[in-house]
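Read the figures in this text as sums done on the coordinates, not as results from a lab. Being a predicted model, the structure only gives us computed values, none of them experimental. When we count neighbours, we look across all protein chains shown, and the Cβ atoms used for this are built from the backbone with ideal geometry, even at glycine.
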Amino acid sequence: MARKPLAHGHRPARPEWIVEDPDFTAEREATVLELLSDSPVPAPRLLAADPDGALCDVPTLLITRLPGRPPALPRNMDSFLAQLAQVLSDIHAVSESAREQIPSYRNYHDLRSATPLQWARRPKRWERALELASAEPPPGPRCFIHRDYHPENTLWSRGKLTGVVDWTSGSWGPAAVDVAHMRWNLALTYGLDVADEFLRLHRSLGSDVSDDQHYWDIVSVLDLVFDLDPYDWPRFDLERLQRYVESVVTSVDGY
């Protein structure tokens, strides 16, 4: 007899979501999981949904439980990055029917009206980053995207990627957004060389990566930092974040 998949309830009950992120709903995540059900992406499968909280006290999804846990320091970094790159290509290959079923990508912040951060070192580089991020988005390839693709949203068991989770913000948008989110997270956790190697591997798969990847690298970081309290972050992480931004700006300007 085949074993039934383990399941658990997912209850997106953070009250401030209603105000801060009103379109990141249980209904949206349920739609995303249904779109993924026929794909090779190792995402949870949706078993039941109560998106309005009519039966449960809050909006609730019943989904399959995936094996594995978030990664620590990988024993084989090459394999780790190759699997992250391959699964991202699988995510971006999800049916184009997603375009009509899920919201389009949007920034969290209006970067055109943002001001330089008081805590940033080398403020001229950050001013330049804001200038670059204020330009119109480049016309790169659009597809189904995770929107928050980074190592802590993946599961691993014995060196194998077993799951990708947290699909609340699945969107139709620039493929480069997912690459950018992964890159700055890798840079913070493992260093700049690892972030660059991920990009190289992703491109080696023949993936549609925008020639303006650096634009999305900058936007994805700046879209984060205005919610960042520097006193809540280890100084080491802040230094790595700033070095990453400076490296991207330098690669754009050539100095």
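Quick notes on this structure:
- Over the stretch 158-224, relative contact order from alpha-carbon pairs under 8 Å, at least 6 apart, %: 39
- Residue exposure sequence - 91, 145 - by fewest surrounding Cβ within 10 Å: 91, 145
- Estimated from helices alone, the mean residue ellipticity of the chain at 222 nm is -13000 deg cm²/dmol (sum of -39500 (n - 2.57) over DSSP H runs with n ≥ 4, per residue).
- Screening the chain for DSSP H helices whose Cα atoms reach 24 Å or more along their own axis and whose mean Kyte hydropathy is at least -0.5 gives 235-253.
- Residue 119 paired with residue 52, simple spin-label distance in nm, labels 7 Å along Cα-to-beta-carbon: 4.3
- Segment residue 127..residue 39, full-extension length gain: 27.5 nm, with 0.36 nm per residue of separation and the alpha-carbon distance subtracted.
- Across the options 159, 89, 120, the greatest Cα extent toward the positive end of the charge dipole of the chain (unit charges at beta carbon of Lys, Arg, Asp, Glu) belongs to 159.
- Spin-label pair residue 27/residue 108, simplified geometry with 7 Å Cα→Cβ offset, distance in nm: 2.4
- Amide hydrogen proximity for residue 47: with H placed 1.01 Å from N in the peptide plane, the residues at 5 or more positions away or on another chain lying under 5 Å are 62, 63, 64.
- Counting 0.36 nm for each residue step from residue 194 to residue 231 and taking away their Cα separation leaves a gain of 10.7 nm.
- Note that the chain shows a convex hull volume over its alpha carbon atoms of 147 Å³ per residue.
- Centroid-to-centroid, using Cα positions, the stretch 194-255 and the stretch 162-188 are 12 Å apart.
- Least to most buried among 77, 182 (fewest other Cβ within 10 Å first): 77, 182
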